[in-house]
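Report on the following structure.
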Amino acid sequence: MQITPSILNADLANLGAEVRRIPGADWVHVDVMDNHFVPNLTLGLPVVESLRQHTGLPLDAHLMIEDPDRWAPQYAEAGCGSVTFHIEAAAAPVRLAREIRAQGARASMALKPATPIEPYEDLLPELDMVLVMTVEPGFGGQKFLDLCLPKIRRARALMDKYGVETWLQVDGGVSLETIERCAEAGADVFVAGSAVYRADDPDAMVAELRAAAEAARA
């Protein structure tokens, strides 16, 4: 069970200090938005390259952008340990996943809430992680969509069917109130933004979230 705090909800003017508040996290989740694929504009390559110098935690880049085929490999080259592209935006997802892996990063495919997993099951052996969005991508602080839980279960069933060791990540509205449902459905990597950075002690919240997920899976 891995907890990946999203810095979208952190103090963006002081990211170096913000990532130092979560030493117990497994990854740092970086939301990259281009104001085209989603209606928001956030961080880009220069910020990722700078952030890489301020933390020993691996960076998990979630690219909510058009043309990930062009840009995703550059995030891997910049030092991200995992790079997620949206299947709705990728022109050649197999080639893209292989390019990301060739740069030494984990390749991940993201699905919007309305995008089914089944048409892409043949891609699972090419992927290190699948991200099931549990809110519409674009903004932090949204309410968790329970309607995504069946898709998490179907994704886990497909992974078991193919015998792959692909991680299953959820992102959107993850909190102490929702993480157990996600873990029970089969998720094992959890992105939490507001729940972590609005807590009095963000690192303690990371530990609480992990414990809740582990208890639910047990």
Condition met for Met205 (among the aliphatic types (A, V, I, L, M) and touching a Pro at 6+ places or on another chain (Cβ under 9 Å)): yes
Unique match (being closer than 26 Å to Ala185 by Cβ, touching a residue at least 24 places away in the same chain (Cβ under 8 Å) and more than 15 Å from the chain's Cα centre (by Cα)) among Glu66, Glu118, Glu99, Glu77: Glu118
What about Lys151, is it basic (Lys, Arg) and closer than 17 Å to Leu8 by Cα? no
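When you scan segment 195-208, do you find a residue that is of a type outside the set (A, V, I, L, M, F, W, C) and touching a helix residue (DSSP H, G or I) at 6+ places or on another chain (Cβ under 6 Å), even just one?
For segment 195-208, residues of a type outside the set (A, V, I, L, M, F, W, C) and touching a helix residue (DSSP H, G or I) at 6+ places or on another chain (Cβ under 6 Å): present.
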Being in contact with a Phe, Trp or Tyr (Cβ under 9 Å, 6 or more places away or on another chain) and of a type in the set (S, T, N, Q) is the filter here; which residues of segment 147-190 pass it? Gln169, Ser175, Thr178
Filter result for the condition that a residue is under 18 Å from Asp171 (Cβ atoms), surrounded by fewer than 22 Cβ atoms within 10 Å (Cβ to Cβ), of a type outside the set (Asp, Glu) and touching a Pro at 6+ places or on another chain (Cβ under 9 Å), over Leu57, Leu111, Leu43, Leu123: Leu57
If you go through segment 84-107 one residue at a time, do you hit one that is surrounded by fewer than 20 Cβ atoms within 10 Å (Cβ to Cβ), aromatic (Phe, Trp, Tyr) and either at pLDDT 95 or above or closer than 30 Å to Arg21 by Cβ (or both)? no
Given (1) at pLDDT 95 or above; (2) within 18 Å of Val94 (Cα to Cα), index of the condition Tyr162 fails: (1)
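The values are calculated or read from the model by the stated rules, or taken from the named source; none is laboratory data. Because the structure is a prediction, the values reported are computed rather than measured. For neighbour counting, all protein chains shown are included, and Cβ atoms are generated from backbone atoms with ideal geometry for every residue, glycine included.
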